[in-house]
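Notes for the one structure printed next.
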Amino acid sequence: MAAASSPVPFDSLDHKRYFFEKLGLTERLLERCLSEALSAGGEFADLYFEAVSSTSLGMDEGIIKTASQGISVGCGVRVLSGERTGFAYTDDLSPERLLKAARTAALIASGPQTQRVQGFTETRSPQLYPVAGASADAEIAEKIKLIERANQAARAFDPRIVQVRASINDELRRILIAASDGTFASDTQPLARFNVFVIAKDEHNTARGSSGGGGRVTLEHFDLAGKTPEHFAQEAARTALLQLDAVAAPAGEMEVVLGPGWPGVLLHEAVGHGLEADFNRKKTSAFAGLIGQQVASSKVTVVDNGTMPGRRGSLNVDDEGNATQETVLIENGILRGYLTDKLSSRLMGMANTGSGRRESYQAIPMPRMTNTYMLAGEDDPTDILKSVKRGLYAVNFGGGQVDITNGKFVFTASEAYLIEDGKVTAPVKGATLVGNGPEALKYVSMVGNDLALDEGIGTCGKAGQSVPVGVGMPTIKLDRMTVGGTGR
Amino acid sequence: MSVKSQVSNDLELLAEEAVALALRGGATDAEAVGMEGDEFSVRVRLGQVEELTESGSRALGLRVFFEAEGGQRTASVSTSDLSRDGLESIVHAAVELAKVTGVDSFAGLPEREAFGICETDLALYFDDVDAVPPAERIEMARRCEAAAMSYDTRIQNSAGAGFDASSSRRVMVNSRGFSGGYRRSYCSFAVTPIAQDTNGSMQRDSWYSNARTPRLLESPEEVGRIAAQRALRRLGARRVPTQQCPVVFSPDVSRGLMGNLLNAADGDAIYRNASMFAGKLGEQVAGENITMVDDGTLVFERTVPATGELLRVGGFGTAPFDGDGLQTRRTVVIERGVLKELMLNTYTARKLGMQSTGKASRGLAGAPGIGGGCYYLEPGTMSAESLLAEVKNGLYVTSTMGFGTNLVTGDYSQGCSGFWIENGELAYAVEEITIAGNMKEMFRNVSAIANDLHFRGAGAVPTVRIEGMTVAGS
């Protein structure tokens, strides 16, 4: 994959300084808390400090209506004892409250202390993203300019665009992790997302359209070709107008071609969640016990890669302090591996893939995806479309969902067209596509040479926790998939 | 900042202090919301405790307003750092942010006379939610899972059981004299057993009990048994051919589907033309059998299973005031299919030249959105069984998946699972199929509504049957 920018050397940054200088932490205090957390016999403990500052600016009906800022600071203390997890958090970082949280979490175990806190070794990893400063006034003025540009571009696109909302949300998340096994890591994670939402209306119909993008980037990102406010505005307007004249989506099983980029959400739902180690350790996943077996066509190779510079799903270190990596999930159709965190890698005797993530200091880490995508194949995308007699060409999606136990997944197309005799014809209304995870990718018969990642809009939910992710895919053809429309 | 010198330990005083700081910073109006809560959560799997969480948190949100030529500028902030420095810096940030916003002639706090708090006791808080010792809570989750696991030999695994308890307090103070607060309690337990048939294919399903006091929780054994039955009945699910047929929605699914009647009546979507009900106030938007009510004041009378005593208890969507500080109320949004009222907060009411219907929802950050209280569809008189018995060939939907609900156009397309109905009986389980239609037509094609209205959450809708939907499958 093309890198957005080159990684910055580790030594030039010092993420932990914020916690020691601004929040008054000391190594001595971290050790005391960890020791307290292990006092009832726990085998492992970690502290997760988090300070998030987020800003949101939004233009609506031509005026800046929304301006908000949020600050969240806290610490989560976790203690592991066998398969058990004790957890407590506090939004007050005074030594008394931290020690109290540690004592609460400690009680998951019951016995004398057996483990000592190891000396800290700092995780060193390349810097995959810029460290943005706290939102300065100048930056707010810059953001407003970007939003105004999107507003104008959407309204200028067509007189049928009657409502435009444009917004930019960004956050700076600072984390510090200290664990009884000696893990010590800190990071500063920027995240920005630009969004445009429009309503189009003609004398007969009304339709919506939206577009957006971003990543772990600074504002300059939105000056790059294909990332500009005008690009997102025009995309939102174009898709809304398209829907004004859309025909009913077909119903039933047919050939489906998925376009490059965001349709990779298919992989996230069809296989990604099923390969998270916690579900497989508990044997609650339809993929449990399938390592080494054929779960997709031999043309399919899927990886999860947390090390892509600037991407929304990328992380220098995961939320347990491990460096992220590229993990092969499916290689030429064969299931190769799971995504693991500290608990599952220890209990399953597997390597840690640096996939432990959590929504915030108030939540317990779990194995999660980062950027999940299918590698490019050899087919020309135009040949793929030409090969379809009657089918659906879906290029954009709303979102998806999966039941990991029976493997059934859905994803909802927001921009799709009929394919008739190898030609892309009428746009169709939104429709949900449904399939079975361990089976669906066996029907992949063509894989394009046009791998793309999504624009940077994905948020994944699992057990009530949301984390930013990326997905990607080349154009692919599935010989069989069920399309949930109302038409013929 | 390592040792926090908190402005005050009292949430009201903290909120008042934030408002005062904002006014001192030049704001013409300000409004603060404070929230604090305690949370207990335990996850049990295969009889063993898997996760135990115990914590408390508090945070504050603030909106500031500056009068300007032709309207107001406004900004909002939120923080969990309630130290003196933390509070001062976030108030300063709000004041600075407001300067960059545009003048909005509809922005601003409600008029003084609009504020109100429901005077009757809404029975939202029961102090015995904290009285059950952790060991007993863990035991309830264990018993629930054990009942599910022992129900049938085809259940040998579990995605776990859990018990959650929480109590929270919320206060709201503004510069126009409103000051209110309330406390709520909640507890629940649930289990998700996994059933497996001889060919190795697995199905999961869940069941739960929730209440404001542990006295009203159902028996863990009963909940475990229901969860087991729900998982088992999904085994052997197959696909069905693509066709048009009547679809029966179980209460868990119809609650979401019919809830779209209120989502489409959302004032924010209406003024933006982003709803299929835009411009339809006073018009027929559903069949004459459809009456949909949103009521933020619902209080139920429940019988305590152990003692038989009657207890008044507030609904899960009940509150004494809305996110703008207006008294909550009962609103008949759809009456016999006619769109009678909209779901409005102060801002959207002003945009539409109407009066708020007390449906403002307010988190910590941002301006109030729209959110109802308790809602329900007026039930019919027939039982769910007889409603099903009338179907010769059709689909009974017990769960849906996906995001295929478009409130602008009404287009509806969801993945689903459930049962095939043959001659009025559930014949076999089905999955990996979709149902689709257009909600504008679906709401007119409701051919039957059952009498099984049970509030298990903020909203409740009985079993409903809709004619002429498309099922896509093999």
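Need one number: nm distance between label points at residue B:89 and residue B:183, each 7 Å from Cα along Cα→Cβ, rounded to one decimal.
Each label point lies 7 Å from its Cα, and together they span 3.3 nm.
Leaving ligands, DNA and RNA out of it, report the carbon-plus-sulfur percent of the accessible area of region B:94-193 at a 1.4 Å probe.
The C+S portion of the solvent-accessible surface of region B:94-193 is 48 percent.
Residue by residue through region B:271-276, which ³J(HN,Hα) values in whole Hz follow from phi under the Karplus form 6.51 cos²θ - 1.76 cosθ + 1.60 (θ = phi - 60°), with glycine and proline marked x?
Running phi through 6.51 cos²θ - 1.76 cosθ + 1.60 with θ = phi - 60° gives 5, 8, 6, 9, 9, 5 Hz.
Could you work out, for region A:107-265, what percent of all Cα-Cα pairs fall into each 10 Å distance bin, beginning at 0 Å and stopping at the bin that holds the largest distance?
Result, from short to long distances: 9, 25, 23, 18, 12, 9, 3, 0 percent.
How about region A:74-126: which trypsin sites (Lys or Arg not before Pro) there are in a DSSP loop, with at most 15 other Cβ atoms within 10 Å of their Cβ?
In loop regions of region A:74-126 (DSSP not H, G, I, E or B), the sparsely surrounded trypsin sites (Lys or Arg not before Pro) are A:116, A:124.
Are there GluC sites (Glu not before Pro) in region A:183-273 that DSSP marks as loop and that have at most 14 other Cβ atoms within 10 Å, and which are they?
Details: sites: A:203, A:220, A:230, A:235, A:253, A:255, A:269; in loops: A:203.
Sparse-neighbourhood loop GluC sites (Glu not before Pro): A:203.
What's the FRET efficiency of residue B:48 with residue A:202 using the Cβ-Cβ distance as r and R₀ = 56 Å, to the nearest 0.05?
Rounded to the nearest 0.05, the efficiency is 0.40.
Residue separation times 0.36 nm, minus the C-alpha to C-alpha distance between residue A:152 and residue A:346: what's the value?
Values: separation 194, 0.36 × 194 = 69.84 nm, distance 5.42 nm.
That pair, residue A:152 and residue A:346, stretches by 64.4 nm at full extension.
As I understand it, the value is the acute angle between the Cα axis of helix A:27-37 and the longest principal axis of the Cα atoms of chain A; what does it come to in degrees, rounded to 10?
Tilt relative to chain A: about 90 degrees.
If you take the accessible area of A alone plus B alone and subtract the pair, what total do you get in square angstrom, rounded to 100, with a 1.4 Å probe? Kindly include the intermediate steps, with their values, before the conclusion.
Numbers: alone 19770 and 20710 Å², together 34760 Å².
Adding both sides of the contact gives about 5700 Å².
Against the longest principal axis of chain A, how steep is helix A:137-157, in degrees 0 to 90 to the nearest 10, with axes from Cα atoms?
Once rounded, the angle reads 20 degrees.
Show me the GluC sites (Glu not before Pro) within region B:248-323 that DSSP assigns to loop and that have at most 16 other Cβ atoms within 10 Å of their Cβ.
Here the sparse-neighbourhood loop sites are B:283, B:288, B:309.
Given the convex hull over the Cα atoms of region B:243-472, what projected area results after averaging over all orientations, in nm²?
13.8 nm²
Taking a temperature of 37 °C and a viscosity of 0.692 mPa s, what whole-number D in µm²/s does Stokes-Einstein yield for chain B with Rh from Kirkwood over alpha carbon pairs?
134 µm²/s
In a solvent-free Debye calculation with one equal scatterer on each Cα, what is log10 I(q)/I(0) for chain A at q = 0.07, 0.13 Å⁻¹, listed in the order of the q values?
Values returned for q = 0.07, 0.13 Å⁻¹ are -0.40, -1.24.
Contour minus end-to-end for residue B:68 and residue B:197, with contour as 0.36 nm per residue of separation and end-to-end as the Cα-Cα distance?
Gain in length upon complete extension: 39.6 nm.
Can you sort A:27, B:67 by 1.4 Å-probe accessible area, starting with the largest?
Descending order: B:67, A:27.
Could I get the Rg over Rh figure for region B:127-232? Both from C-alpha atoms, Rh via Kirkwood, rounded to two places. Working shown, then result.
Details: Rg = 18.3 Å, Rh = 15.2 Å.
Over the Cα atoms of region B:127-232, Rg/Rh equals 1.20.
Seen from all sides and averaged, what is the projected area of the convex hull of the Cα atoms in region A:52-175, in nm²?
Seen from a random direction, the Cα hull of region A:52-175 projects 12.9 nm² on average.
Given the whole protein assembly as supplied and a 1.4 Å probe, what does the accessible area of residue B:352 come to in Å², nearest 10?
60 Å²
Whole-Å semi-axes of region A:248-351's equivalent ellipsoid, largest first, each the root of 5 times a Cα gyration tensor eigenvalue?
Each semi-axis is √(5λ); the values are 26, 19, 13 Å.
Check residue A:276: other-chain or 5+ apart residues with amide H under 5 Å from its amide H, H built from backbone geometry?
Long-range HN contacts for residue A:276: A:339.
Using θ = phi - 60° and the Karplus relation 6.51 cos²θ - 1.76 cosθ + 1.60, list the HN-Hα couplings for region B:376-382 in order, rounded to whole Hz, with x at every Gly or Pro.
7, 9, 3, x, x, 10, 7
List the equivalent ellipsoid semi-axes of the protein assembly as shown in whole Å, largest first, each obtained as the square root of 5λ for an eigenvalue λ of the Cα gyration tensor.
Result for the protein assembly as shown: semi-axes of 38, 35, 33 Å.
Along the principal axes of its C-alpha atoms, what lengths does region A:235-278 span, in descending order and rounded to whole Å?
In descending order, the Cα extents are 45, 27, 17 Å.
Considering only protein heavy atoms, what per residue accessible area in square angstrom results for region B:242-393 with a 1.4 angstrom probe? Don't skip to the answer; put the middle values down first.
Details: 5770 Å² over 152 residues.
Accessible area per residue, region B:242-393: 38 Å².
Could you look at region A:356-458 and say what percent of its accessible area is carbon and sulfur, using a 1.4 Å probe and all protein chains?
Here carbon and sulfur together make up 50 percent of the probe-accessible area.
If you roll a 1.4 Å probe over region B:243-472 with all protein chains in place, what percent of the accessible area is carbon or sulfur?
46 percent
Short version: what are the Cα gyration tensor semi-axes of region A:10-244, square root of 5 times each eigenvalue, largest first, in whole Å? Provide the component values of the computation, followed by the final result.
Details: eigenvalues 438, 71, 43 Å².
Largest first, region A:10-244 gives 47, 19, 15 Å.
Enter the angle in degrees (range 0 to 90, nearest 10) between the Cα long axis of helix B:251-264 and the first principal axis of the Cα atoms of chain B, meaning the one along which they spread out most.
40 degrees
What 222 nm value per residue comes from the helices of the protein assembly as shown, counting each DSSP H run with n ≥ 4 as -39,500 (n - 2.57) and dividing by all residues, nearest 500 deg cm²/dmol? Provide the component values of the computation, followed by the final result.
Numbers: 17 runs with 178 residues, N = 962.
The helix contribution divided over the protein assembly as shown gives -5500 deg cm²/dmol.
Among the listed pairs A:227/A:386; A:65/B:359; A:462/B:99; A:201/B:440; A:408/A:477; A:423/B:440, which have their C-alpha atoms separated by more than 27 angstrom in this model?
A:227/A:386; A:462/B:99; A:423/B:440
Evaluate the distance, in nm, between pseudo-label points positioned 7 Å from the Cα of residue B:252 and of residue A:110 along their respective Cα→Cβ axes.
Distance between label points: 3.4 nm.
Over the alpha-carbon set of region B:235-349, divide Rg by the Kirkwood Rh and report the Rg/Rh ratio to two decimals.
Reported Rg/Rh (Cα atoms, Kirkwood Rh): 1.09.
If every alpha-carbon in region A:10-85 counts as one equal scatterer, what log10 I(q)/I(0) does Debye give at q = 0.21, 0.27 1/Å?
For the requested q values the scattering log ratios are -0.99, -1.19.
Largest first, please: the extent of the C-alpha atoms of region A:251-484 along each principal axis, to the nearest Å.
Here the Cα extents, ordered largest to smallest, are 53, 33, 30 Å.
The values are calculated or read from the model by the stated rules, or taken from the named source; none is laboratory data. Please read all numbers here as calculations on a predicted model, not as lab measurements. Every residue, glycine among them, receives a Cβ derived from its backbone with ideal geometry; neighbour counts consider all protein chains shown. For the accessible areas, the whole protein counts, side chains as well, though only heavy atoms, and no ligand, DNA or RNA atoms are used. Shrake-Rupley method; radii C 1.70, N 1.55, O 1.52, S 1.80 Å.
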